Every structure is written in structure tokens, then in C-alpha cells.
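I'd like to ask you about the structure that follows.
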Amino acid sequence: KCMTEPRVLLDPTSEAEPAHRALLARPPSLDGLTIGLLSISKRTSDVFLDAVESHLKGRGLETARFVKPTFARPAPLELRQEIATRCDVVVEALAD
């Protein structure tokens, strides 16, 4: 059911006119891909990512963990470049 419903993306920034970005196509499978798990450093985001990582590794999938220095600022360029070169897809943990 989830895969057939239209998706609504919300921009959590305070932009008056949010930037429109084209979505990338989802890979047909996660097999053989490296899945980046990015914590933005909010409280308990590691608990969420631990559960996601456990599920993914249980399926035999490759993961790589990353942490932003602070949730209050964009990820440093070096971190973004590392994620982009090491990972095929990324899960970002935002929750408190």
C-alpha cells in the first residue's frame, strides 16, 4: 500500500519559497549496495539507526554509519563527500 500512495515531501526549513528538487529514482533492490546511515546528532537518533542497521544487516546488506557534528547546521562538505563516494543510498535519522 505504501508504495502506491502519492508521496508528499515537506521541507523543514523556514524558506518562504522552498526549492524544488527532482527525486532520484529508487534502486530496484538494495542488494549489493552500501546503505549510509546518517545521524544528524539529535537525541536518540542512534537508537533509531541501530534498529534500522540491525534490520538491514539481518538481510545481509552493507551499511556505513555517519554522524553530523551538530543538527543545527548542514553537514560539512567533507562528510557529504565521504557519504557520496561510499554510499549508494542514505537513511537520515532526524528524530529526538
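Please check: in the Gaussian network model of the chain (C-alpha springs, under 10 Å), which one of R65, R86, R21 has the largest mean-square fluctuation.
Top of the fluctuation ranking is R21.
What three numbers, in Å, describe the spread of the alpha carbons of the chain along their principal axes, ordered from the longest?
43, 35, 26
When the helices in the chain are scored as -39500 (n - 2.57) per DSSP H run of 4 or longer and the sum is shared across all residues, what 222 nm value do you end up with, to the nearest 500 deg cm²/dmol?
Working: 2 runs with 24 residues, N = 96.
Here the helix-only value at 222 nm equals -8000 deg cm²/dmol.
Separate question: At 1.4 Å probe size, with every protein chain present, just tell me what the per residue accessible area of the chain comes to in Å².
Counting only protein heavy atoms, the per-residue value for the chain is 79 Å².
What does the extension gain come out to for T70 and A19, with contour length at 0.36 nm per residue minus their alpha carbon separation?
On the way: separation 51, 0.36 × 51 = 18.36 nm, distance 2.29 nm.
Extra length from T70 to A19 when fully extended: 16.1 nm.
Quick one: putting +1 on the C-beta of Lys and Arg, -1 on the C-beta of Asp and Glu, what dipole do you get for region 27-96 around its Cα centre, in Debye to the nearest 20? Numbers along the way, then the final one.
Numbers: 9 positive and 10 negative charges, 40 e Å.
The calculated dipole for region 27-96 is roughly 200 debye.
Determine the relative contact order of the chain: mean sequence separation of Cα pairs under 8 Å and six or more apart, normalised by residue count, in whole percent.
Numbers: 106 pairs, mean separation 36.1, N = 96.
Dividing the mean separation by the residue count of the chain yields 38 percent.
Of L24, L33, L56, which has the largest mean-square fluctuation in a 10 Å C-alpha GNM of the chain?
Result for the chain, Cα springs under 10 Å: L24 fluctuates most.
Using a Gaussian network model of the chain whose springs link C-alpha atoms within less than 10 Å, name the residue from A75, A25, A51 with the highest mean-square fluctuation.
The residue with the greatest mean-square fluctuation here is A25.
Something else: Per the 1.4 Å probe, what fraction of the accessible area of the chain, in percent, lies on carbon and sulfur atoms?
56 percent
The values are calculated or read from the model by the stated rules, or taken from the named source; none is laboratory data. The structure presented is a predicted model; accordingly, all values stated were derived computationally and were not measured. A quick note on method: Cβ atoms are made from the backbone with ideal geometry, for glycine too, and the neighbour counts reach across all protein chains shown. Please note that ligands, DNA and RNA were not included when accessible areas were found on the heavy atoms of the full protein model with its side chains. Shrake-Rupley method; radii C 1.70, N 1.55, O 1.52, S 1.80 Å.
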